[in-house]
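Quick notes on the structure that follows.
Just so it is clear, none of the values below were taken in a lab; they were calculated from the coordinates. Computed from a predicted structure; not experimentally measured. Using ideal geometry, Cβ is built from the backbone for each residue, glycine included, and neighbour counts are taken over all protein chains shown.
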């Protein structure tokens, strides 16, 4: 049995984009949809038995009609191609108020064939062309759905999270007890597991997360633990596999070095499991750092040389330039020329300057407070090298001070 596991699509993230004149849509929306298309094409062309999506289809809890249309088109291609699709609800898929529909509830409402939506914890039996599969679902837990007001009214936020973690742990143990040991079983959870390396999702979180222990999710009753919510792909455990596929596209520069893609899982006889990461062609992010030395006379040329060395990587990338520059050279930096050199970039995110301010030396143990102007000037001239005679400068200074006092 072959399962494709992906998560955290986040349609609607459109930072660092521009309007595509052909479609009228953001080029960044095009990036995310292209990555999604790679998932769909792989599933349709590689005998995938089930596509498992572990939450966060959209950036917003109230996605636009365009984002919903584009998501539904691709789910329909999978479902109409005979591939069951399992959609788990993530925190970004939940409405802001109880009673409103989740972003993926429409698939249940229309009873779309081959599409299962997991809105609440429970065990789902999915029929595939290679036989039945059990999926224990832990969608993102809405506190109000699991806990009563009476239960939480005197608890701190951290205590509420602790109680929620206890409830989810107990619920998971209950579902495990009811599993059929003769069928393959997967845990699909949109959750933060302790020890996971976080990334850009930290800036997108809507409050502090509850956290489950690895020992809670890594139950040997499962052949594979499919996770969502964390944007960095990572394997937390090998036996059984506990896996975050990460987001399909880069969201910001914190993911510059991260690979993007999905996992393909094969479950064989007697619990034999293998899984491989398949990268997608995500939009590259590139940071160019330039340290302009104090001996440099043309800081713009130094930056242009650094860009030239990265020329191949600049093309079609989202680029930012970080320039460390002495204060005296800052005014010589020509940002227009830098932008011309980056003309092949998809988007210039920033040309940032880290200006190194010059330190003005002070005479050790000396303070100007309460010192007469001529005495202060004498100390200043003694610390400076000048071609003029300090005595002459002192005479001119004394004359100016006397003239100023006479005019008052």
Contour minus Cα-Cα distance for residue 20 and residue 177 (0.36 nm per residue): 51.3 nm
For residue 154 and residue 124, what does the FRET efficiency come to when R0 = 45 Å and r is the distance between their Cβ atoms, rounded to the nearest 0.05? 0.80
Looking at the chain only, what percent of DSSP beta bridges run antiparallel? Nearest 5 please. 35 percent
Contour minus end-to-end for residue 391 and residue 297, with contour as 0.36 nm per residue of separation and end-to-end as the Cα-Cα distance? 30.4 nm
Using Cα atoms only, what is the angle between the long axis of helix 65-80 and the major principal axis of the chain, expressed in degrees (0 to 90) to the nearest 10? 40 degrees
Arranged by the count of other C-beta atoms within 10 angstrom, fewest first, what order do 190, 278 take? 278, 190
Two-site label geometry, residue 403 and residue 356: point separation in nm, points 7 Å out along Cα→Cβ: 4.2 nm
In degrees, nearest 10, the alpha-carbon axis of helix 27-45 is tilted away from the dominant principal axis of the alpha carbons of the chain by 30 degrees
What value, in deg cm²/dmol to 500, does the helix sum -39500 (n - 2.57) over DSSP H runs of n ≥ 4 give at 222 nm once divided by the residues of the chain? -9000 deg cm²/dmol
Would you please classify the overall shape of segment 2-279 from the alpha carbon gyration tensor, given that a ≥ b ≥ c denote the square roots of the eigenvalues, rounded means a/c under 1.5, and beyond that prolate means a/b larger than b/c while oblate covers the rest? rounded
Can you tell me the 0 to 90 degree angle between the C-alpha axis of helix 299-309 and the longest principal axis of the chain, rounded to 10? 30 degrees
Determine, for each peptide in 157-163, 282-288, the mean count of other beta carbons within 10 angstrom over its residues, then list the peptides with the highest first. 282-288, 157-163
Exposure-ranked with fewest Cβ neighbours within 10 Å first, 105, 398, 311 stand as 311, 398, 105
Of all the C-alpha pairs in segment 285-356, what % are more than 15 Å from each other? 45 percent
